[in-house]
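Novice: Before I ask anything, here is the structure I am working with.
FYI, it's all coordinate maths here, none of it is from the lab. Just so it is clear, the model here is predicted, and its values are computed rather than measured. Using ideal geometry, Cβ is built from the backbone for each residue, glycine included, and neighbour counts are taken over all protein chains shown.
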Amino acid sequence: MILPCDGRTSLDQDVNQDVANVRSSRNPGRAPAADEQMLSISLVSAEQPGTSTHDWSSTVDEQHLTSIRENASTYARGGVQHLILEVLAYADDEARALGRAGSCTITAHDDASISVSDDGRGTDTRRSADGQVVRKPVMATKDLRFFDTDVEVLPDGLPRRGMSIVAALSSRLEHTNHRREGSWTQTYEHGVPHGDLQELPPSVTTGTTVRFNADPQLVHSAPLDTSLVQRFTSVNVHVLD
């Protein structure tokens with residue numbers, strides 16, 4: 001499989017229970033109420049700082065995205081292959097946290113894009129106090145685990161930095177998630193949202209798909225080493241040409 005410099009990818013699941021966990025720990029034996037499961041963004045950030053992988057109070061960190069693009073030779077030295085591994089790592093995280101074997105599919109499309117799809121719970125999406133649907137800002141803000149700290153290494157031997165580098169280094173990226181309570185999609189250009197989060201018809205399955213076109217001026221193409229994607233221990237990865 002030859003990876004183009006454009007593509008779309010999928011992946012990303014939330015493995016934190018955020019405020020629901022905090023309240024349960026403060027009141028043992030008390031099940032979170034339904035309105036606490038779709039909680040406000042302000043509560044997520046205020047009640048459990050540092051626990052979530054992203055800062056829910058911010059939807060776009062333009063300084064962070066700009067820094068990635070300005071240092072593309074560092075963040076993208078593994079080419080499109082590394083971006084695919086960044087996406088797969090989230091699906092692997094979730095499957096491992098849930099104690100299950102997940103499934104992911106990598107597809108190279110005729111329009112030179114790449115998509116990565118998984119069968120997880122779908123990117124965490126919540127409703128704010130005023131009823132606005134807000135999705136976890138994995139594309140446009142930094143993953144707090146992988147910046148300014150020692151980080152894990154992906155199967156290609158390069159540091160993991162998170163989904164934001166995939167978005168920032170892609171001229172176009174489409175992020176679609178299907179959850180039990182609904183489905184949504186949004187498009188990004190170099191990590192910046194292009195249009196609003198759009199609700200989709202309900203799906204009978206759950207999961208996340210990220211489809212991206214890596215910017216050829218920032219990311220080089222290279223053959224995909226399929227042995228690398230098989231090194232994730234909690235997901236079975238299928239590659240389609």
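Novice: For region 121-199, report the convex hull volume of the alpha-carbon atoms normalised per residue, in Å³, without decimals.
Specialist: On the way: hull volume 9.2 nm³, N = 79.
Here the figure is 116 Å³ per residue.
Novice: Let me ask something else about it. Sort 79-87, 215-223 by the packing proxy (mean of other Cβ within 10 Å over each peptide's residues), most packed first. Let's see the in-between values first.
Specialist: On the way: 79-87: 26.3, 215-223: 16.9.
Averaged packing, sorted descending, gives the order 79-87, 215-223.
Novice: Mind running the shape call on region 160-241? Use the C-alpha gyration tensor, a ≥ b ≥ c as the square roots of the eigenvalues: rounded below 1.5 for a/c, prolate if a/b tops b/c, oblate otherwise.
Specialist: On the way: a/c = 2.33, a/b = 1.17, b/c = 1.99.
Since a/c reaches 1.5 but b/c is at least a/b, the shape of region 160-241 is classed as oblate.
Novice: Cα gyration tensor of region 58-240, axes a ≥ b ≥ c as square roots of the eigenvalues: rounded (a/c below 1.5), prolate (a/b > b/c) or oblate? Can you show the working numbers first?
Specialist: Details: a/c = 1.43, a/b = 1.15, b/c = 1.25.
Note, shape of region 58-240 comes out rounded.
Novice: Roughly how many whole Å is it from the C-alpha centroid of region 105-145 to that of region 158-190?
Specialist: Computed from Cα coordinates, the inter-centre distance equals 5 Å.
Novice: Take the alpha carbon gyration tensor of region 87-169, find the square roots of its eigenvalues, order them as a ≥ b ≥ c, and report rounded if a/c is under 1.5; if not, report prolate when a/b exceeds b/c, else oblate. Write out the running numbers ahead of the final one.
Specialist: Numbers: a/c = 1.34, a/b = 1.18, b/c = 1.13.
Verdict is rounded for region 87-169.
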